[in-house]
Amino acid sequence: MENSLLKEGLKLMGLEFSELQINSLEKYIKELELWNPSYKLVSSNDNSITVNHILDSLSGLKQIQETSATFNKKTTIADLGSGAGLPGIPLAIGDRDDDFFLIERMKRRVGFLKNQILLCGISDYVEIIESDLKKVENKFDIITFRAFHKVLDVLPEIESILSDKGVVIAYKGTIKQTRIEVEEIKALYKNKFLYEIKPLKVPFLESERCLLIISRNEKQF
């Protein structure tokens with residue numbers, strides 16, 4: 001059932017994955033199902049992990065690849081507060097052309113992440129940074145996160161690790177609430193950043209989802 005759900009979801013999103021990539025996702029899903037009861041890795045309800053977390057994470061893949069292509073180089077992509085590896089691990093399985101960094105401060109979850117990147121065969125281009133966000137010193141071209149903090153709460157830390165032409169791509173819920181969040185950022189930062197909200201369609205998920213894309217306003221420099 002889960003296998004057919006995953007494949008149908010990928011098809012509906014127009015994502016063409018190889019059998020190797022699908023096998024990696026299936027292994028990861030089984031690990032989440034196995035360890036979630038004891039590790040409390042992800043929230044769960046009537047919908048499956050496949051829909052709520054894997055397809056949801058992959059719904060932003062095309063946008064991230066499109067943004068990555070604008071750098072004309074191998075892009076560095078950071079997943080903040082990666083937790084169980086969402087959205088970083090599904091994105092890395094889908095995008096083997098860029099370098100991914102999973103930033104997570106909780107040792108127990110870091111151990112889980114280390115096992116997953118080996119199991120999924122992505123260790124050559126996925127690195128774990130075991131650190132609090134405030135202590136990270138690297139610079140990244142794309143910063144993404146899902147079910148993390150409000151952007152405004154962590155924007156100073158995000159800005160400090162964002163490359164000069166870097167882009168933030170945050171997974172969000174409703175467009176209405178995301179617009180409110182943007183206005184809160186504008187009230188404090190004025191015209192320092194540019195914003196774009198893009199609706200997402202996650203197969204088999206009724207909840208509204210969107211991406212909030214933030215970049216520096218070069219006219220301010």
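Applying the selection to the range 51-89, what residues are under 15 Å from Ile117 (Cβ atoms), aliphatic (A, V, I, L, M) and not in a helix (DSSP H, G or I)?
Listed by number, the residues that qualify are Ile77, Ala78, Ala84, Leu86.
Pull out all pairs, ordered by first then second residue, where Cβ-Cβ is under 9 Å, the residues are six or more apart or on different chains, the first lies in the range 135-152 and is on the phi < 0 side of the Ramachandran plot and surrounded by 14 or more Cβ atoms within 10 Å (Cβ to Cβ), and the second is part of a loop (DSSP other than H, G, I, E, B) and among the charged types (D, E, K, R).
Asp141/Lys73; Asp141/Asp98; Ile142/Asp98
Consider Leu102 carefully, then state whether it is crowded, with 19+ Cβ neighbours inside 10 Å, assigned to a loop (DSSP other than H, G, I, E, B) and at negative phi.
No.
Name the residues in the range 114-136 that are more than 14 Å from Ala78 (Cα to Cα) and in contact with a strand residue (DSSP E or B) (Cβ under 7 Å, 6 or more places away or on another chain), would you?
Scanning the range 114-136 gives Lys114, Ile117.
So in the range 69-86, with the set limited to residues that are under 28 Å from Tyr39 (Cα atoms) and not hydrophobic (A, V, I, L, M, F, W, C), which one is surrounded by the fewest Cβ atoms within 10 Å (Cβ to Cβ)?
Gly81
If Ile158 meets every condition in (1) free of Cβ contacts under 8 Å to residues at least 60 places away in the same chain; (2) out of contact with any helix residue (DSSP H, G or I) (no Cβ under 6 Å at 6 or more places or on another chain); (3) surrounded by 14 or more Cβ atoms within 10 Å (Cβ to Cβ) apart from one, which number is that one?
(1)
Which condition from (1) touching a helix residue (DSSP H, G or I) at 6+ places or on another chain (Cβ under 8 Å); (2) modelled with pLDDT of 95 or more is the one that Ser59 breaks?
(1)
Taking only pairs six or more apart or across chains, which ones have beta-carbon atoms under 6 Å, a first residue in the range 83-94 that is at positive phi, and a second residue that is part of a helix (DSSP H, G or I) and hydrophobic (A, V, I, L, M, F, W, C)?
Going by the 6 Å Cβ cut-off, the qualifying pairs are Gly85/Leu113.
Which members of the range 154-178 meet the condition of being within 18 Å of the chain's Cα centre (by Cα) and acidic (Asp, Glu)?
Those that are within 18 Å of the chain's Cα centre (by Cα) and acidic (Asp, Glu): Glu157, Glu159.
The values are calculated or read from the model by the stated rules, or taken from the named source; none is laboratory data. Quick caveat, the model's predicted, so the values are computed rather than measured. Note: ideal-geometry Cβ built from the backbone for every residue, glycine included; neighbour counts use all protein chains shown.
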